[in-house]
Amino acid sequence: MVKIRLTRIGKTHTPFYRIVVADERRARDGKNIEIIGRYQPAMKDNQVEVKKDRAMYWLHQGAQPTETVRALFSKEGLMKQHDDEKLANRRANAKNKKAK
């Protein structure tokens, strides 16, 4: 299964993370499929930068975010956007089935 998770790359006592798409069987800091953002928790405003188009692409492809990444995406509004699009697609599919 493909996961969206954090990979640590910062120095000791100065954590810095990349938000990556990786196979869940790989090590935390192992090979990843794509880097889609970064997260700096040491900053006062917990700076998060995400390539929103790529994050949405991977969510639509079925990648599962970890709890931490899900919380970061929720703060950025990505999870709500994903859920809204998913609901709209379900409604459209239901209308198409009724029409047949």
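The values are calculated or read from the model by the stated rules, or taken from the named source; none is laboratory data. Every value quoted in this text rests on a predicted model; they were computed, and no experiment measured them. Every residue, glycine among them, receives a Cβ derived from its backbone with ideal geometry; neighbour counts consider all protein chains shown.
A compact table of results
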item	result
Test: residue in the stretch 68-84 that is at pLDDT below 90 and more than 15 Å from the chain's Cα centre (by Cα)	yes
Residue within the stretch 49-61 that is among the polar types (S, T, N, Q) and either within 24 Å of Lys86 (Cβ to Cβ) or in contact with a His (Cβ under 6 Å, 6 or more places away or on another chain) (or both) present	yes
Residue in the stretch 32-40 that is surrounded by 12 or more Cβ atoms within 10 Å (Cβ to Cβ), touching a helix residue (DSSP H, G or I) at 6+ places or on another chain (Cβ under 8 Å), under 23 Å from Thr12 (Cβ atoms) and aromatic (Phe, Trp, Tyr) present	yes
Where Ala94 falls short, out of the listed (1) surrounded by 10 or more Cβ atoms within 10 Å (Cβ to Cβ); (2) without any contact (Cβ under 8 Å) to a residue 24 or more places away in the chain; (3) under 21 Å from Arg38 (Cα atoms)	(3)
Members of the stretch 3-25 that are surrounded by 15 or more Cβ atoms within 10 Å (Cβ to Cβ) and either under 18 Å from Trp58 (Cα atoms) or under 11 Å from the mean Cα position of the chain (by Cα) (or both)	Lys3, Ile4, Arg5, Leu6, Thr7, Arg18, Ile19, Val20, Val21, Ala22
